[in-house]
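Working notes for the structure below.
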Amino acid sequence: MDNSSIFNDTMVEMPVASSRATLKLSLSIAYVVLFLVGTIGNMFVIVMIMNVLTSMRRTSVRGKRMSLSNTNHVFIYVLGLSFVDLVVILHLPFLVVDLLKGQWLFGTAMCKLYWFGESISKLLSSIRSNCVAVLVLLTCSLLAVILLLPVLIQSSVFRINKMSMMSLSENSEELRLSDLQGTTISKCVFDSDAMFTLYTFMIGFALPAVLITLFYSRVTKRIVAVILFYFLCWTPQWTLNIMSQFNLIHVSWMTPALSAMFFVAHLLVCFNSAANPVLYALINRELRQQHVMAMARKRQSFTHATHEALEFVARHTHKSALAICTLSQFGRLEGLNTASQRKKELIPPSPACASTTMVPEIMVTESDDYL
């Protein structure tokens, strides 16, 4: 069904080696670009919707009660889709390293998470109705986790001899000899059976296609574009998976043309997750308007808070300056009084002052003699 059939074919004949190296390099560059664009785009949408929902909640708390309309449900729904698309995109760096290094370097636990993240998009990416809200999204997510339990259980890292492409058992003599010869590599593999492929195809692709056809009798151009874009990106992937599962085709590095087709189909799936932020959020006029209003309210609140803070600082600075000035003046007066008193104690009286003070005694003496 899946990438494991390609990833396991490490050693090929020399005529194919050059084209294989070129294909791997081209795919790695494309995956890196999709990873950067998808991560930045989905993170931007998540931040934008969180900003809008937070602003709505604050407005409701302040007394302007806003009902949770269908539009708000759509915002929450798009938020959930952005998280799902982000999970799909985040597995790409592991795929790039596996392509360039030729083996899996991240252990069994990350191998299981890799295949789980790669598979969950097949079930959740088809939830494209604008009528669903949080409960439906959470229910579908829980259902997807239950349906993908075989991925978590059966996916594992295998030790393989890259010369013979035979799986090597742990603690076996073949593994020891392969390690000595330096021909042992590790591969993250999930070999799905026909039943798993069929029920994921039915739940993740065929059933949503039928429901969309039945319930979208009157649709807008934007919804038509979204639906067509989804089926355009996913149909090649499912077609090749089913054909490979039932041995109608054998995809490996020995068949460069089929390998290229397989990876182009996978690139389309990743492109769908990377482009969904544009389709679901950036072209949504109401979401853009709500985001602009939320940013305006945030700037207004920030400006008001800054103005109040500056006024508070100015008032307290003025009061502090007055207090310091008053204390300084009071201290200066106290200092002058103290200095004046000390000056009077240290400086002796002048002769004029002395004669003036002596006058009464002389006058008394003269009066005594006179008498």
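The values are calculated or read from the model by the stated rules, or taken from the named source; none is laboratory data. Values in this document were obtained by computation on a predicted structure and should not be read as measured data. Cβ sites come from the backbone with ideal geometry, for glycine too, and all protein chains shown count toward neighbours.
Numerical summary
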| item | result |
| --- | --- |
| Pairs with Cβ under 6 Å, 6+ apart, first in region 243-272 and assigned by TED's automatic domain parsing to the domain that holds D85, second at pLDDT 85 or above and among the small types (G, A, S) | L267/A30 |
| Residue in region 215-229 that is part of a helix (DSSP H, G or I) and at pLDDT 80 or above present | yes |
| Candidates I40, I29, filtered to the one that is under 15 Å from the mean Cα position of the chain (by Cα) and modelled with pLDDT of 65 or more | I40 |
| Hits in region 182-214 (condition: touching a helix residue (DSSP H, G or I) at 6+ places or on another chain (Cβ under 8 Å), at pLDDT 80 or above and not in a helix (DSSP H, G or I)) | T184, K187, C188, V189, F190 |
| Selection within region 111-133 - in a helix (DSSP H, G or I), at pLDDT below 80 and either of a type outside the set (S, T, N, Q) or surrounded by fewer than 22 Cβ atoms within 10 Å (Cβ to Cβ) (or both) | G117, E118, I120, K122, L123, L124 |
| Of all residues making up region 82-110, the number that are assigned to a helix (DSSP H, G or I) and touching a Lys or Arg at 6+ places or on another chain (Cβ under 8 Å) | 2 |
